1. Compute the relative contact order of segment 126-255 as a whole-number percentage, counting only Cα pairs closer than 8 Å that sit 6 or more residues apart in sequence.
2. Report, for the chain, the % of DSSP beta bridges that are antiparallel, rounded to 5.
3. Compute from the Cα atoms of segment 50-135 the Rg and the Dmax, the latter being the longest Cα-Cα distance, and quote both in angstrom.
4. Quickly estimate the mean residue ellipticity at 222 nm for the chain, helices only: each DSSP H run with n ≥ 4 gives -39500 (n - 2.57), and the total goes over all residues, rounded to 500.
5. In units of 2.2 N^0.38 Å, what is the alpha-carbon radius of gyration of segment 133-255?
6. If one computes the Cα centroid of segment 79-122 and of segment 176-204, what distance in Å separates the two points?
7. List the relative contact order of the chain as a percent without decimals, with contacts defined as Cα pairs under 8 Å and 6+ residues apart.
8. Thinking of the chain as a set of Cα atoms, what percent of all their pairs are more than 23 Å apart?
Amino acid sequence: MLNVAATLVRGGFEAYLVGGCVRDLLRGAVHGERVEPKDWDLATNAKPHEVQALFPDSVYENEFGTVGVKTRSEELRLAVVEVTTYRVDGVYRDHRHPDEVSFASRVEDDLARRDFTVNAMALAPDGERVIDPFDGRMDLEEKLIRAVGNPSLRFREDALRLMRAVRLATELGFTIEPSTAASILAEAHLLHEIAPERVRDELVKLLMTPRAADGIRMLEAHGLLAHVIPELREGIGCGQNLHHIYTVFDHNVRA
């Protein structure tokens, strides 16, 4: 990954780590933990054809400016590093994908289109400089999931972010910032616009965390459970016989 970034810089371009890998690296530093990022992504001002000119064995098969650069990094166990041109998104008419994307020249413009502040930071590959226009590092310190900009707009753009907010909060042991939480509750109905398999994927990730029960309760508190597992809600407030101290819902979630 560092070799890919170095090649971009030698070619006269910028290169920054972005997304979840930055969040995980900084989270480890802030909370004194060792956190191994699951994915490594680079953002650059190089256009896709310029990236491919530097990496002839790369792959570019999408409309979003992401080039797959093959790597032999045994340390990071990577086969491909995704290198994406800075971009800004157009209108999201289907509540999932932008109708069009435009390439940008500044990494700050690229960060502004992202979902949550903890995911909207860029890190120089040498680890010396963090670009953090939305105070994501402060939210990492306070263990908050906060939408970038207007939370309702973020969720109307891509309604899968409703599930992602709860899944990420569950996975990290964070809470959801109040205005972001209120917007999830208000926009929960938009989850019906998302393909069921994508909702399922987020649900499975939530259930695989050590805090899965907390995640299910968080889905209910934010109005999402009715759109994901409505049958589970039938046990809310439903008592059992004298041998059980929990409601059916609590019994199921605790199980």
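The values are calculated or read from the model by the stated rules, or taken from the named source; none is laboratory data. Not measured: the values here are computed from a predicted model. Here the Cβ positions follow ideal geometry from the backbone for every residue, glycine too, while neighbour counts run over all protein chains shown. Just so you know, the surface numbers come from the protein's heavy atoms only, side chains and all, with ligands and any DNA or RNA stripped out. Shrake-Rupley method; radii C 1.70, N 1.55, O 1.52, S 1.80 Å.
1. This gives 21 percent for segment 126-255.
2. Numbers: 17 of 23 bridges.
So the antiparallel bridges amount to about 75 percent of the total.
3. Final numbers for Rg and Dmax: 14.7, 41 Å.
4. Numbers: 13 runs with 107 residues, N = 255.
Using -39500 (n - 2.57) per qualifying helix, the result is -11500 deg cm²/dmol.
5. Numbers: Rg = 15.2 Å, N = 123, 2.2 N^0.38 = 13.7 Å.
For segment 133-255, the normalised Cα radius of gyration comes out at 1.11.
6. 20
7. On the way: 441 pairs, mean separation 33.7, N = 255.
This gives 13 percent for the chain.
8. On the way: 18165 of 32385 pairs.
When all Cα pairs of the chain are counted, 56 percent exceed 23 Å.
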